[in-house]
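Enquirer: Take a look at this one; I'll ask things after.
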Amino acid sequence: MLKSTNQPLSEAYSLALLDLDGVVYRGKNPVEHAAKNIRKAESLGMTVEYTTNNSSRLQAVVADQLKGFDLDVEPWQVITSSVVAARMVARAVPEGSKVFVLGAQHLREEVAKQGLEVVDSAEAQPVAAIQGWYPDMSWNEMAQIAYAVEHGATYFVTNRDLTIPRELGIAPGCGSMIMAVINATGVEPVSSAGKPESAMYDEARILAAHDDGEPVDKEQCLAIGDRLDTDIEAGNRGGYDSLAVLTGVTDPRELMFAPAYLRPTYIAKDLRGLNEPAPEVVHDEGAWLCRDAKARVDGDRLYVTDITSVDGLRAACCAMWAAADSGRDVSSVIVPEFRIS
């Protein structure tokens, strides 16, 4: 069930792990209320890091984009899947090892920063191979990484997103390119740096280490995202509390029907919820109550007293989750359409 807090989330947690697209911006446009509330959270002492599966954009480029939204962001605060993947490989192979890198310049630079030798050919006999996404990827490059993996290079990837939104529509993402290598070699990657794996959050705790060098305690971290199947699942896999916002992909219906491994710790309409307490949702006489909103599953229908508020959605989610966890098949339950104002 959802947790509650007596203090704003930005005071209850010390490190925010913020997704970007759908949370802070949509494409080139800022999400309403995002920048103002990020600044407010920082003024209350919260450290903010930005986590993204995108492996092609340099940290400084992302930081500059965020500065354009009037946010004070240093490149180190941007945690890309290239940063995480390079560190992942460096921990798995000896210093100075040859690593085949298929990806954008950002990925190549991050691997080199780790004291590893970047190579472009399977004939160089790399001990590891790492695959990311970038738009100029060629068939020959795909073939070379397949050869390297086939010859024994340990296979790492930056993320397994099957699709990527582009200006003209939905295009094949890194995961689709990975499937081509798997089909050619029969070898699965040993690790993925991107969400829904929790490695990105784990790395962010290290990069935001205290003055004594100790990573931020996991219990003090809050993962924030708009996608249940990446941001929230990564939090659940890694044991992080999470906040789902409704400014991107996830909608109320998806939340109500979410299986346990995709359920967030908190729900908010947008990042204003970061600077507000999370209200308690309680069970009373067969119904779930969140302040003035009440929800209950009765027969084949979910009844909610307020379908215009996040409180109503919180109560509705707890009612549906409790029904599902009791062993009931909730797939046929008729739920109301929320219109959150």
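Enquirer: May I ask you to say which residue of Ser81, Ser97 is of a type in the set (Gly, Ala, Ser) and in contact (Cβ under 8 Å) with a residue 40 or more places away in the chain?
Expert: Sole residue among the options that is of a type in the set (Gly, Ala, Ser) and in contact (Cβ under 8 Å) with a residue 40 or more places away in the chain: Ser81.
Enquirer: Here is a list of conditions, (1) under 30 Å from Lys67 (Cβ atoms); (2) in contact with a Ser or Thr (Cβ under 9 Å, 6 or more places away or on another chain); (3) of a type in the set (Gly, Ala, Ser), and Ala112 meets all of them except one; can you say which number that is?
Expert: (2)
Enquirer: Scanning the range 271-294 for residues that are over 15 Å from Leu222 (Cα atoms) and of a type in the set (Asp, Glu), which turns out most open to solvent (accessible area, probe 1.4 Å)?
Expert: For the range 271-294, the residue satisfying everything is Glu285.
Enquirer: Take the conditions over 24 Å from Ile206 (Cα atoms) and open to solvent by less than 10 Å² (accessible area, probe 1.4 Å) and apply them to Phe69. Does it pass?
Expert: When the stated conditions are applied, Phe69 does not pass them.
Enquirer: With the requirement that a residue be at pLDDT below 95 and either farther than 17 Å from Leu20 by Cβ or open to solvent by less than 10 Å² (accessible area, probe 1.4 Å) (or both), what does the range 232-250 give you?
Expert: Thr250
Enquirer: Pull up the range 50-60, narrow it to residues that are open to solvent by less than 50 Å² (accessible area, probe 1.4 Å) and of a type in the set (S, T, N, Q), then point me to the one that is farthest from Leu274 (Cα to Cα).
Expert: Taking the candidates together, the pick is Ser56.
Enquirer: Another question about this same structure. For the range 121-129, check the following and say yes or no: at least one residue is touching a strand residue (DSSP E or B) at 6+ places or on another chain (Cβ under 9 Å), within 22 Å of Met200 (Cβ to Cβ), β-branched (Val, Ile, Thr) and in contact (Cβ under 8 Å) with a residue 12 or more places away in the chain.
Expert: no
Enquirer: Pairs under 8 Å by beta carbon, first residue acidic (Asp, Glu) in the range 28-57, partner part of a loop (DSSP other than H, G, I, E, B), six or more apart or different chains?
Expert: Here the result reads Glu32/Thr247; Glu32/Asp270; Glu42/Asp72; Glu49/Ala208, each pair linking the range 28-57 to a residue that is part of a loop (DSSP other than H, G, I, E, B).
Enquirer: Next question, about the same structure. Residues Asp300, Asp270: which one is touching a Ser or Thr at 6+ places or on another chain (Cβ under 8 Å) and under 28 Å from Ser43 (Cβ atoms)?
Expert: Exactly one residue qualifies, and that residue is Asp270.
Enquirer: Residues that are surrounded by fewer than 21 Cβ atoms within 10 Å (Cβ to Cβ), at pLDDT 95 or above and of a type in the set (Asp, Glu): which strands (runs of 3 or more DSSP E) entirely in the range 80-174 hold 1 or more of them?
Expert: Result: 117-119.
Enquirer: Hey, another quick one. Would you say Val111 is β-branched (Val, Ile, Thr), under 21 Å from Thr51 (Cα atoms) and out of contact with any helix residue (DSSP H, G or I) (no Cβ under 6 Å at 6 or more places or on another chain)?
Expert: So Val111 does not fit the description; no.
Enquirer: Out of curiosity, is Val310 under 26 Å from Ala34 (Cα atoms) and either open to solvent by 20 Å² or more (accessible area, probe 1.4 Å) or small (Gly, Ala, Ser) (or both)?
Expert: Judged against the criteria, Val310 is a match.
Enquirer: Ok, one more. Counting only residues that are touching a residue at least 24 places away in the same chain (Cβ under 8 Å) and out of contact with any strand residue (DSSP E or B) (no Cβ under 7 Å at 6 or more places or on another chain), how many does the range 275-284 have?
Expert: Total meeting the criteria: 5.
Listed here are the residues, each with its yes/no results for (1) aliphatic (A, V, I, L, M); (2) farther than 22 Å from Glu276 by Cα; (3) under 18 Å from the mean Cα position of the chain (by Cα); (4) in a loop (DSSP other than H, G, I, E, B).
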residue	(1), (2), (3), (4)
Met1	yes, no, no, yes
Thr5	no, no, no, yes
Ala35	yes, no, no, no
Glu42	no, no, no, no
Val48	yes, no, yes, no
Val62	yes, yes, yes, no
Asp70	no, no, no, yes
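Enquirer: Could you tell me which numbered condition Ala204 fails, if it satisfies all but one of (1) among the hydrophobic types (A, V, I, L, M, F, W, C); (2) touching a Ser or Thr at 6+ places or on another chain (Cβ under 8 Å); (3) under 21 Å from Gly312 (Cβ atoms)?
Expert: (3)
The values are calculated or read from the model by the stated rules, or taken from the named source; none is laboratory data. Note that this is a predicted model, so its numbers are computed, not measured. Please note: Cβ atoms are built from the backbone with ideal geometry, for glycine as well, and neighbour counts cover all protein chains shown. Surface areas here come from the heavy atoms of the whole protein model, side chains and all, with no ligands, DNA or RNA. Shrake-Rupley method; radii C 1.70, N 1.55, O 1.52, S 1.80 Å.
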